[in-house]
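Asker: This is the structure, below, for whatever I ask next.
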Amino acid sequence: MSLVTALRSGRIAHAPAATLAPASAITLQSRGYAAPAKPAQKTASKFKSNKNKDKDKDKRGPRDSGAFRPMSVTNLTHPVFQSEQRTQLKLPVFRPEAITATAATKAMAFPHEESRALKAYGLPRNILVDYLLLAKPCSVVRQVTVDMLDQLDGAAASSSKDNRIVLTGKAGSGKSYLMLQAVQYCIQKQWLTLYIPRAISLVNSSTAYAYDARTQTYGQPAFAQQLLKRFADVNAALLQSLTVQNSYPLEDRTVPTGAPLADLINVGAEFQNYAPTVLNAMLDELALQTKYPVLLAVDDFQALYCTSQYRDPFFRSVKSYHLMLPRALLEFASGKKTLARGAFLGALSMQDTKYRPPLELIEALGLEPLGPSNPYVPRLPELVEYAKGLKNFPVPEQLTVDEAASIYDVWQQSKALHIPLADEMFLAKYTEANGNAGRFVKHGLLETVAM
Amino acid sequence: MQLLGIRLPDNHFVKHALTQFYGIGNKTALRLCARVQIHERCRIRHLNQSQVTALTAFLSSPANSPPAAFQPLAPPNYVPPPLSQPVPAPAPREGEPVPADTLREIKIESDLRRQMRENIAHQRNIGSYVGRRHAMHLPVRGQRTQSNAKTARKLNRVERYN
């Protein structure tokens, strides 16, 4: 049974340090990113097979593997658990002032109170798995982090037309973590931040869609409503001072010019059928205002360039730019719409083989093509247009030894591993992974814990 | 949920639950979902009233159902009209053919069973080989009878139940 399934079912033996420290605020994200908070009532199935009647199985919850039932701390009464050597995971806090050139290779924890993005927007799947095991959500600040945050500082004053960055690199090189650090940094630096951790969920037909005759595209009302609520939650303080610069006459209510932007967002958050229109309107308003810089961050960026799994009533495939939110994101990514102040940040993801970066995007970023790239291979002119002017920001494939050592320290301190704290072990794992961060943690460190 | 007398479990995906209808397989179910704009991961309990009504209206009689909605999709350079203006009715662009609506030709449930019975009865009436084999409860399509004709002997009838 895989690690992810074990974690998803909430059944994993927590490390002792984790039970001491305040429980990580990252809850298991539900499968449906835009799903409503309350799960629906399950109807009892009347069918009972006779096969399992005689076996006496103890009662199990749904998706319970039977392994890894956590015991509460109060049950650990044996003297061997009353150890003075249990320590909390102590890490410096991730703050903009602390990110300097000397801070590179230091592990920093995201601040508990201010990690709004982690709780509100959710996380990419690989990062979520890590944070369920660690005591605190943290990451290692690398040299590439310092470089990228310097670039974002420069982007704060200029339009997003010159600051459309795409993080590229091999699988496991740390693109999603880098994007998370950028989002966290921008929130702490008073930027308006919109973060979409799994853009694949926009195009894989996992959320409801509805045709909008005005824009001749499909909106995703449930997803848009959730995103508006999350954006309002994360940026609540900054939205209080922003007003709307155009008027928006919706079907039965109007948001006039000069009304607070929060009012416009609330209309969409309250009424699901208005949500896609309100989301687009909100993005246009954010693009116009100059009071705060704006960060649009999209992980799994390549999914926006793939054909979606949605179908029109005649069962023809719907392209991603026929969906309202992906279309808006593509327009900001390609420079057709620009933010007056701010940046667009995308991160490619090589994990999902159903949503691989298409040739048009790969050529625009100057990467090595995955398949044939001779002149006879068709390139869609629409996608070539949407990929124009994207800047490639390569993430180095290998961690330096110091950075890897910081990661190793974090995992050892959180008492999640059962290997000795020794240089030989560290160098062995580092070499096996060839310095790749993802492989170092998942296949190097976590596979030492027998499942 | 009950739909036209057939129980569709709340927890099932709609694209799978619709195959409970006689005459609807996986392919037709997917096309039906697309017609009514139900996404692939939608479960029966997530359906709203308008979607249920649309499904019921189609399944009660596919031939007389309303035609599939024509939904033109905007090219990248399309500029939508402002919110204050009324939205024009969607119409096909010049030279753009409207695709055929093959879903209205399907038969389900009692219509399909009746069609099968009529086909077998027709074969009997014209005195064809196929009709004679149905009447003798033997395999129709040239299979062996020296052994292994059990299913044909059990199910082949002129007045076949399904």
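Asker: Can you name the residue in segment A:241-272 that is β-branched (Val, Ile, Thr) and within 14 Å of chain B (Cβ to nearest Cβ) and, of all such residues, is nearest to the chain's Cα centre (by Cα)?
Answerer: The qualifying residue nearest to the chain's Cα centre (by Cα) is A:267.
Asker: Taking segment B:76-110, which residues are away from chain A (no Cβ under 11 Å) and surrounded by 15 or more Cβ atoms within 10 Å (Cβ to Cβ)?
Answerer: B:104, B:106, B:107, B:108, B:109
Asker: Confirm whether residue B:114 is exposed (fewer than 12 other Cβ atoms within 10 Å of the Cβ) and away from every other protein chain (no Cβ under 14 Å).
Answerer: Yes: the conditions hold for residue B:114.
Asker: Just wondering, is there one or more residues in segment A:134-143 that are part of a loop (DSSP other than H, G, I, E, B), basic (Lys, Arg), surrounded by 21 or more Cβ atoms within 10 Å (Cβ to Cβ) and touching a residue at least 60 places away in the same chain (Cβ under 8 Å)?
Answerer: Within segment A:134-143, one or more residues are part of a loop (DSSP other than H, G, I, E, B), basic (Lys, Arg), surrounded by 21 or more Cβ atoms within 10 Å (Cβ to Cβ) and touching a residue at least 60 places away in the same chain (Cβ under 8 Å).
Asker: Quick test for you: out of A:315, A:344, A:332, pick the one residue that is aromatic (Phe, Trp, Tyr), in a loop (DSSP other than H, G, I, E, B) and assigned by TED's automatic domain parsing to the domain that holds residue A:198.
Answerer: One residue alone meets the criteria, A:315.
Asker: Within segment A:394-414, does at least one residue satisfy the condition of being under 22 Å from the mean Cα position of the chain (by Cα), crowded, with 20+ Cβ neighbours inside 10 Å and assigned to a strand (DSSP E or B)?
Answerer: Within segment A:394-414, none of the residues are under 22 Å from the mean Cα position of the chain (by Cα), crowded, with 20+ Cβ neighbours inside 10 Å and assigned to a strand (DSSP E or B).
Asker: If you check residue A:267 against the conditions, is it over 20 Å from residue A:121 (Cβ atoms), free of Cβ contacts under 8 Å to residues at least 60 places away in the same chain, of a type in the set (A, V, I, L, M, F, W, C) and in a helix (DSSP H, G or I)?
Answerer: On the way: over 20 Å from residue A:121 (Cβ atoms): yes; free of Cβ contacts under 8 Å to residues at least 60 places away in the same chain: yes; of a type in the set (A, V, I, L, M, F, W, C): yes; in a helix (DSSP H, G or I): yes.
Criteria met by residue A:267.
Asker: So how many residues does segment B:17-56 have that are under 18 Å from residue B:69 (Cα atoms) and either of a type outside the set (S, T, N, Q) or touching a residue at least 24 places away in the same chain (Cβ under 8 Å) (or both)?
Answerer: Qualifying residue count, segment B:17-56: 15.
Asker: Quick one: which helices (runs of 4 or more DSSP H) lie wholly within segment B:87-162 and hold at least 1 residues that are touching a residue at least 12 places away in the same chain (Cβ under 8 Å) and under 24 Å from the mean Cα position of the chain (by Cα)? Working first, answer last.
Answerer: Values: elements: B:109-125, B:129-135, B:150-155.
The helices (runs of 4 or more DSSP H) meeting that bar are B:109-125.
Asker: Of B:58, B:70, which residue is of a type outside the set (Asp, Glu) and modelled with pLDDT under 95?
Answerer: Just a single option satisfies the conditions, and that option is B:70.
Asker: Now a separate question. On the given criteria, is residue B:73 in a helix (DSSP H, G or I), closer than 30 Å to residue A:317 by Cβ and either touching a residue at least 24 places away in the same chain (Cβ under 8 Å) or within 10 Å of chain A (Cβ to nearest Cβ) (or both)?
Answerer: Here the answer is no, as residue B:73 does not meet what is asked.
Asker: From (1) surrounded by 14 or more Cβ atoms within 10 Å (Cβ to Cβ); (2) assigned to a helix (DSSP H, G or I); (3) among the β-branched types (Val, Ile, Thr), pick out the condition that doesn't hold for residue B:56.
Answerer: The failed condition is (1).
Asker: Can you pull out the residues in segment A:407-438 that are within 14 Å of residue A:177 (Cβ to Cβ) and modelled with pLDDT of 90 or more?
Answerer: A:407, A:436, A:437, A:438, listed by residue number.
Asker: Has segment B:29-41 got at least one residue that is at pLDDT 95 or above and more than 10 Å from chain A (Cβ to nearest Cβ)?
Answerer: The answer is yes, given that some residue of segment B:29-41 is at pLDDT 95 or above and more than 10 Å from chain A (Cβ to nearest Cβ).
Yes or no, residue by residue, for (1) over 26 Å from residue A:169 (Cβ atoms); (2) surrounded by fewer than 24 Cβ atoms within 10 Å (Cβ to Cβ); (3) within 23 Å of the chain's Cα centre (by Cα); (4) without any contact (Cβ under 8 Å) to a residue 60 or more places away in the chain:
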position: A:317; (1), (2), (3), (4): yes, yes, no, yes
position: A:346; (1), (2), (3), (4): no, no, yes, no
position: A:352; (1), (2), (3), (4): no, yes, yes, no
position: A:368; (1), (2), (3), (4): no, yes, no, yes
position: A:371; (1), (2), (3), (4): no, yes, no, yes
position: A:377; (1), (2), (3), (4): no, yes, no, yes
position: A:388; (1), (2), (3), (4): no, yes, no, yes
position: A:391; (1), (2), (3), (4): no, yes, yes, no
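Asker: Would you pick out the residues in segment B:9-27 that are surrounded by 19 or more Cβ atoms within 10 Å (Cβ to Cβ) and within 11 Å of another protein chain (Cβ to nearest Cβ)?
Answerer: B:15
The values are calculated or read from the model by the stated rules, or taken from the named source; none is laboratory data. Computed from a predicted structure; not experimentally measured. Here the Cβ is made from the backbone with ideal geometry for all residues, glycine too, and neighbour counts use every protein chain on show.
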